[in-house]
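Following: one structure in structure tokens, then a few remarks.
The values are calculated or read from the model by the stated rules, or taken from the named source; none is laboratory data. Quick caveat, the model's predicted, so the values are computed rather than measured. Glycine gets a Cβ as well: all are built from the backbone with ideal geometry, and neighbour counts include every protein chain shown. Heads up: the accessible areas ignore ligands, DNA and RNA and are worked out on the full protein's heavy atoms, side chains in. Shrake-Rupley method; radii C 1.70, N 1.55, O 1.52, S 1.80 Å.
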Amino acid sequence: MAYDYQPYPYVAPPGLSAPETRHAVVIVGAGPIGLAMAIDLAQRGINSVVLDDNNVVSVGSRAICWSKRTLEIFDRLGVGERMLDKGVTWKIGRQFHGGDQVFSFDLLPEEGHRYPAFINLQQYYVEEYLVDRAREFPDLIDIRFLNKTIAHEDHGDHVTLTVETPDGNYTLETDWYIACDGAGSATRERMGLSFEGQTFQEQFLIADIEMEQSPFGDDKVPERWFWFDPPFHSGKSALLHMQPDNIYRIDLQLDVDADGTEEAREENVIPRIKAIVGDKPFRLDWVSVYKFRCIKLDRFVHNRVLFVGDSAHVVSPFGARGGNGGIQDVDNLGWKLARVVQGQAPEALIETYNEERSHGSAENILNSSRSTNFMTPKTPIEALFRGEALRLAKDQPFARKILNSGRLSLPCSLEGMSLQTQGVAQIAPGQVLVDAPLSGEDGDTWLLRQVQGDFTLVGFGDVLLPELPGIRRIGINTRADYPCFTATHNHAMRRYGSSNAYLFRPDGHICAVFDTPTRKDVAHAYAKALGAELEATQ
Amino acid sequence: MSVMEDRLSPNQDDFYNALIAAHEGLGEADSHALNARLILLMANRIGDLGVLQDIITTARSYSDA
């Protein structure tokens, strides 16, 4: 059954009748990134106004692959379990060359993680769940549908916006303006910021189809299938994914000179689908034709205007780095902005959002560009190398790894960046948490639930943790006068080592490690992670 | 034909990208020549004749003719 789009009500904003007092944060765009941003801030007690020019969730499934790290962030934001329940969990990928399977891979063969490597879930469900969650903070999140931002001006210590509504225009003032207005960001255009990069000539057709019978065969096991040069679509590539509600996503590479409008017409799409699924009955749910782009802004922070998600960076979709990258932006910025708004950290902390996420985005673009290049050889020599890699891949493990139909999104490391304290441990400072099951007085839990959200010092084994204001403490496989847990099946001890302490940031990244955590050393690492040394260097 | 141990991972993408980039701007004949030079240089680096013979046999076993 097709998704039932329920329009959200427009309510005349107070600013139409009288000037509003200055807001702490205005978020432009109520897509997954803007909504997640508002929820993250609300969980930290920060008010925000969310403006959106539309009043329905995403039309079309759009972003469908949500990575393990994203799900862990969504867990912290209160929608992870709901997404997991509804989403299709898959971890087996198969690659084909022509009609033959070249190899298959298992994304997460390891036990002891709350979330799987990936789920597939249509963007409209994610937005619906996020709107529901945001509405649990009626005093902190003010979502305004059919409120289109048509102008803004940065005044140094605040930003003014002009907003258009069905009842006319009004103005808003805000300390911080967060642009979550997507790949075509009007904020970015108004500021005249250069947004150039690699655009690929090849066009791709995306089609969502609903069908009762599984195109994966009789066993209905959801997988990811990728074809180089499939028999049903000669010389090009194709991708097949399963979504909830018996919806399947098909991506087909088109000719460079294909007419996009013509290709998207139902009578032209249907024969292409039939070539894949045969005579099994299906319903066409959504079609889109697009070109790949890999672009990022030079800077994500422009004084009081902050770019988050697709407004800051776009990548080609093979590898699931668009929506997932944006959620990691939110995770990185949320706690920093909250600390700055609450006067607990210097404004320079915001600059580290630029440092860290610009790096993450560049890594995503590098990986996505390489995948796209591999899928669309430009010269005979590229085609030759790819063909021979495919030939060798049947027997040779190294050649399988060369095949690149998307290096699936993994969280980037922030090793060596401004906020981290150097150190040596099984998981180095800068890396993100590796989940593990725990059991405690209140039953079973996960490391991610104990660590994310606030600064947390975790002792693994017989390590005594000093008490410091602002830092939670937990012990694993030890006894102490702070909460202690047992490492279920010893996963946590194997992953982190058995006699050391890790200081986690609120976004789950490790910012320091200690053999013997002294009060002085922990306090120093904590202050550094909150930007103390940034201010000193200014 | 031998199944070769994977010694390239995790650097396979960096290598592949560098290889393709080295061919940029070359015509077909120049690309062939570059490949030949690469093979000779890599062979010298490997050095071990037994290993080289094994690689040659394995590569050839995938040829149709």
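Some values worked out for this structure:
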{"quantity": "Charge dipole (region A:254-375, unit charges on Cβ, about Cα centre) - positive-most of A:335, A:350, A:287", "calculated": "A:335"}
{"quantity": "Debye, to nearest 20: dipole size of the protein assembly as shown, +1 on Lys, Arg Cβ, -1 on Asp, Glu Cβ", "calculated": "1060 debye"}
{"quantity": "Residue A:394 accessible area, 1.4 Å probe, all protein chains in place, Å² to nearest 10", "calculated": "110 Å²"}
{"quantity": "Accessible area of residue A:84 in the full protein assembly, 1.4 Å probe (Å², nearest 10)", "calculated": "30 Å²"}
{"quantity": "Förster radius 41 Å - calculated FRET efficiency between residue A:467 and residue A:298, Cβ distance, rounded to 0.05", "calculated": "0.45"}
{"quantity": "Nearest-20 debye value, region A:202-311 charge dipole, Cβ charges on Lys, Arg, Asp, Glu", "calculated": "560 debye"}
{"quantity": "Computed Rg/Rh of chain B, alpha carbon atoms with Kirkwood Rh", "calculated": "0.99"}
{"quantity": "Long-range amide H partners of residue A:473 with built H, under 5 Å", "calculated": "A:457"}
{"quantity": "Tail fraction, Cα-Cα pairs, chain A, threshold 45 Å, whole percent", "calculated": "17 percent"}
{"quantity": "Accessible area in the full protein assembly, largest first, 1.4 Å probe, for A:170, A:526", "calculated": "A:526, A:170"}
{"quantity": "Acute angle (nearest 10 degrees) that the helix B:28-46 long axis makes with the longest principal axis of chain B, alpha-carbon atoms", "calculated": "40 degrees"}
{"quantity": "Per principal axis, descending, Cα span of region A:437-537 in whole Å", "calculated": "46, 23, 23"}
{"quantity": "Chain lengthening between residue A:347 and residue A:524 when straightened (0.36 nm per residue, less Cα-Cα)", "calculated": "61.8 nm"}
{"quantity": "On Cα atoms only, tilt of B:49-61 relative to the major axis of chain B in degrees", "calculated": "70 degrees"}
{"quantity": "Of A:291/A:378; A:296/A:336; A:86/A:274; A:68/A:91; A:236/A:291, those spanning more than 18 Å from alpha-carbon to alpha-carbon", "calculated": "A:296/A:336; A:86/A:274"}
{"quantity": "Cβ-derived FRET efficiency at R0 25 Å, residue A:94 paired with residue A:366, nearest 0.05", "calculated": "0.50"}
{"quantity": "Hypothetical label at residue A:232: residues of region A:85-105 whose amide nitrogen lies under 19 Å (7 Å Cα-Cβ projection)", "calculated": "A:93-103"}
{"quantity": "Buried solvent-accessible surface, both chains (A, B), 1.4 Å probe, Å² to nearest 100", "calculated": "1800 Å²"}
{"quantity": "Positive-pole candidate from A:316, B:11, A:126, dipole of the protein assembly as shown, charges at beta carbon", "calculated": "B:11"}
{"quantity": "Separation in nanometres of the label points that stand 7 Å from Cα toward Cβ, at residue A:21 and residue B:52", "calculated": "8.1 nm"}
{"quantity": "Fully extended contour minus Cα-Cα distance, from residue A:384 to residue A:194, at 0.36 nm per residue", "calculated": "64.8 nm"}
{"quantity": "Inter-site label distance for residue B:60 and residue B:1 at 7 Å from Cα along Cβ, in nm", "calculated": "1.5 nm"}
{"quantity": "Cα centroid separation - region A:196-231 against region A:360-439, whole Å", "calculated": "21 Å"}
{"quantity": "Rounded FRET efficiency, nearest 0.05, which uses the C-beta distance separating residue A:270 from residue A:5 and R0 of 22 Å", "calculated": "0.40"}
